[in-house]
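Reviewing the structure listed below.
The values are calculated or read from the model by the stated rules, or taken from the named source; none is laboratory data. These numbers come from a predicted model, not from an experiment. Note that each Cβ is placed from the backbone with ideal geometry, even for glycine, and that neighbours are counted across all protein chains shown. Calculation scope for accessible area: heavy atoms of the full protein, side chains included, ligands and nucleic acids excluded. Shrake-Rupley method; radii C 1.70, N 1.55, O 1.52, S 1.80 Å.
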Amino acid sequence: MNKFINFLDEKFVPIASRIGAQRHLVAVRDGFVVIMPMMIIGSLAVLVNNLPIEAYQNMMNSIFGGDSWKTLAGYISQGSFNIMSLVVTFTIAAALAKNYGKDQITTGAIALTSLVTIMLPLKNEEGGNLGLPFSWMGAQGLFIAIFVALISAEIFIRLSNNKKMVIQMPDGVPPAVSKSFASLVPAILTIIIFGLLKVLFDLFGVSDIHQSFYDLLQAPIVKMANTLPTALIIVLLNHLFWFFGLNGGSVLEPIMQSVYLPAIDQNIAALQNGVAIPNIVTKPFFDSFIYLGGTGATLALVVSVLLFTKRNKPYSVVSKLSLAPGIFNINEPVMFGFPIVLNPILFIPFLVIPMILTVISYAALSMGLVPKTVVMVPWTTPPIIGGFLATGSWRGGALALVNFIVAIVCYMPFLKAAEKQYLNQIEVGESHE
């Protein structure tokens with residue numbers, strides 16, 4: 001194990017550090033860090049409404065005379081998760097502007113305007129605009145939001161560096177007014193560029209850029225079937241999307257709904273009819289055995305941090321905050337708090353560990369060591385309990401426990417390498433003081 005950690009420290013971490021220091025990746029990381037409070041409060045709101053304990057739900061319903069008690073947490077979730085793309089567009093662009101030593105507020109505002117410029121508003125029956133679509137303002141629209149933030153910020157900053165584009169105000173004009181006029185021409189040109197881009201897409205029949213991009217990602221995998229290679233591809237794509245800031249669950253949801261929900265329905269019907277259970281790969285297969293604590297088996301990552309790398313203070317703090325939501329498979333605090341998004345050190349384990357768990361789980365079910373899933377459990381059901389409920393057998397819980405331990409062990413060397421890098425950075429910082 002020590003040899004592997006040393007190998008990561010000598011070969012992998014330096015490359016990852018150079019990649020991680022790239023200003024655009026740093027801007028994405030810093031932009032997500034800013035929205036961490038939103039992720040925490042949104043996660044807690046989801047947890048309050050979806051805690052998978054029947055006694056809790058019944059108690060709350062009896063106290064409030066129905067499910068009206070979910071309204072408050074629903075509004076909080078709407079105000080956090082459902083505008084994530086809008087907020088992160090501003091924060092990423094502002095972070096990039098800070099890296100260049102430029103005006104952060106103006107750059108963020110221009111990026112947000114650019115994003116809204118290419119959005120297709122909701123329409124009523126008469127063709128009038130109803131407003132912006134929540135579906136693309138939330139996590140589902142993150143991928144395009146990241147690119148718009150970076151590209152618009154680059155355009156605006158480069159135009160601002162051209163002295164011919166800057167309107168110089170005479171002495172005596174208030175600084176705020178002077179700064180506003182200095183950025184006027186670059187701001188106008190940046191927004192016009194994105195407006196022209198939207199017009200160009202319209203001419204080619206692509207009226208909804210977000211939806212078209214969403215469909216393009218789904219198209220190659222729509223016809224996939226219920227096999228181990230298919231499961232591995234689904235898991236790999238889900239984690240690749242998430243690593244680059246796109247909600248993989250949202251992208252792949254039509255496949256999960258159209259392929260894997262019918263698969264669990266077939267299993268349930270087979271159980272009722274007393275015949276052999278047909279399908280190994282179902283939606284509960286992923287939720288109960290692979291996504292332990294959320295995409296990337298991040299609850300195992302949190303536990304691994306708390307057990308083995310307590311000296312990495314940023315990871316430790318985020319892990320403590322993420323533990324409670326992670327137990328119920330809510331992992332946005334981990335995804336955007338570490339962050340895992342565009343984190344080069346965590347790239348390999350985040351992708352590989354879920355694939356290892358997929359192979360272990362598929363083998364266990366195909367060999368009959370663990371019964372196939374026959375119950376559609378809520379996605380917020382804690383790991384291990386979910387495995388037991390999905391299969392109706394203690395062996396399902398045992399498989400989830402084995403997978404959880406495997407994930408903890410596999411994350412450990414990468415976290416050790418990250419901790420060593422963090423401590424080295426602390427030493428370098430102290431030596432410069």
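Points to keep in mind about this one:
- Inspection of the range 357-376 identifies no residue that is in contact (Cβ under 8 Å) with a residue 40 or more places away in the chain, within 21 Å of V33 (Cβ to Cβ), of a type outside the set (G, A, S) and in a helix (DSSP H, G or I).
- Against the numbered list (1) surrounded by 21 or more Cβ atoms within 10 Å (Cβ to Cβ); (2) modelled with pLDDT of 90 or more; (3) more than 21 Å from I234 (Cβ to Cβ), A407 comes up short only at (3).
- Qualifying residue in the range 368-384 (condition: closer than 30 Å to Q22 by Cβ and surrounded by 23 or more Cβ atoms within 10 Å (Cβ to Cβ)): no
- Evaluation of P52 against (1) in a helix (DSSP H, G or I); (2) modelled with pLDDT under 80 (one fails), failing number: (1)
- Of the residues A93, A97, A73, the single one that is surrounded by 19 or more Cβ atoms within 10 Å (Cβ to Cβ), in a helix (DSSP H, G or I) and over 20 Å from the mean Cα position of the chain (by Cα) is A97.
- Some residue of the range 259-271 being modelled with pLDDT of 85 or more and either open to solvent by less than 10 Å² (accessible area, probe 1.4 Å) or more than 24 Å from I384 (Cα to Cα) (or both): no
- Segments classed as helices (runs of 4 or more DSSP H), wholly inside the range 294-353, with at least 1 members that are free of Cβ contacts under 8 Å to residues at least 40 places away in the same chain and open to solvent by less than 10 Å² (accessible area, probe 1.4 Å): 298-308, 313-327
- Restricting attention to the range 186-213 and to residues that are assigned to a loop (DSSP other than H, G, I, E, B) and open to solvent by less than 80 Å² (accessible area, probe 1.4 Å), the residue that is farthest from T113 (Cα to Cα) turns out to be G205.
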